[in-house]
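Undergrad: Following this message is one structure expressed as structure tokens.
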Amino acid sequence: MDRRGFLAGAAAAGIAGVAGCGTASGTVRPPRVPENRLEEGGWERTRADTEEVLSRTVAGVDVTATAVTRVYDDAALRAAVSKKTLGALDAPLSNVFASRIAFSPNLADIPLESAREELAERAGEVARGQFESQLSSAGLTDISATDAGTLTVETGEAASLTEYSAAFAFDELSFDVRGETITIEEGSVAVEGLLASWIHDGGLLIAGGAYPAENFARTVDRDLSEAITVTVDVDLGLTPDAYREEVRGIVRRVE
């Protein structure tokens, strides 16, 4: 993939192994997301619902799990960065996703509490493994996962929270400024992500996302002649703290 699209295949596909890659059949209600907040923030849904059915035997009980996922990109951020770089960088930079896993029998109907917890934990482990795999597939390196305890979601439940940090090496960027080609050498940018999972209404909700963890600013000097040197300052004005709070706020409101 084009490494400049460093999150195009990361958070957007972060839950792919749990949610599958087929079109949802409508057998499970998709996760409910904060549509108003997403719309106001300039987020856009990037793909149709996906669905996958998995079967396991837990504590002697045959359990079927059906997962449905929705993915959104921060289109407003993408457009703003594309404009600032004169189109040289036009790729998703921040993504969120939400997945609902419905179980048959319902988790609440499984007689042993230990079995219910084991099933939920197994699904959470699969989600975390797939998220890390997709981050790696998208070109991120130095991926580090940290158990961040719990996150209280809008419905009052405590979600298990894992936070991620990584680095992404990008290719050189070139764009024209008044007829002159300005090139920014390749480098790397820090990325952060999070993944939360919690039991809700007899099923499991998994939500998370990834976003730039630092601003991108470079100064480029270009010699136009022996006597003239042009200095170009490139500053994307990225605000990692705001992105982090935005992603956490969306995740907290998934139902």
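The values are calculated or read from the model by the stated rules, or taken from the named source; none is laboratory data. This is a predicted model, so every value here is computed, not measured. Backbone-built Cβ (ideal geometry, glycine too); neighbour counts: all protein chains shown. SASA here: full protein model, heavy atoms, side chains in, ligands and nucleic acids out. Shrake-Rupley method; radii C 1.70, N 1.55, O 1.52, S 1.80 Å.
Undergrad: What residues have an amide H closer than 5 Å to that of His200, excluding those fewer than 5 places away on the same chain, when H is modeled at 1.01 Å from N in the peptide plane?
TA: Amide H to amide H, under 5 Å and 5 or more residues apart or across chains, His200 pairs with Leu205.
Undergrad: Highest mean first, how do 177-183, 65-71, 187-193, 206-212 rank when packing is the count of other Cβ atoms within 10 Å averaged over residues?
TA: Taking the mean over residues of other Cβ atoms within 10 Å, the ranking is 206-212, 65-71, 187-193, 177-183.
Undergrad: What shape does the stretch 145-255 have by the C-alpha gyration tensor, where a ≥ b ≥ c are the square roots of the eigenvalues, rounded means a/c under 1.5, and otherwise prolate means a/b greater than b/c and oblate the rest?
TA: Prolate, because a/c is 1.5 or more and a/b exceeds b/c.
Undergrad: Then there is this: Report, to the nearest whole %, how much of the accessible area of the stretch 135-255 belongs to carbon and sulfur atoms, 1.4 Å probe, protein only.
TA: The C+S portion of the solvent-accessible surface of the stretch 135-255 is 41 percent.
Undergrad: Note down the accessible area of Arg248, probe 1.4 Å, to the nearest 10 Å².
TA: 50 Å²
Undergrad: Right, next: Order of 236-242, 75-81, 226-232 by packing, highest average Cβ count within 10 Å first?
TA: Final packing ranking: 75-81, 236-242, 226-232.
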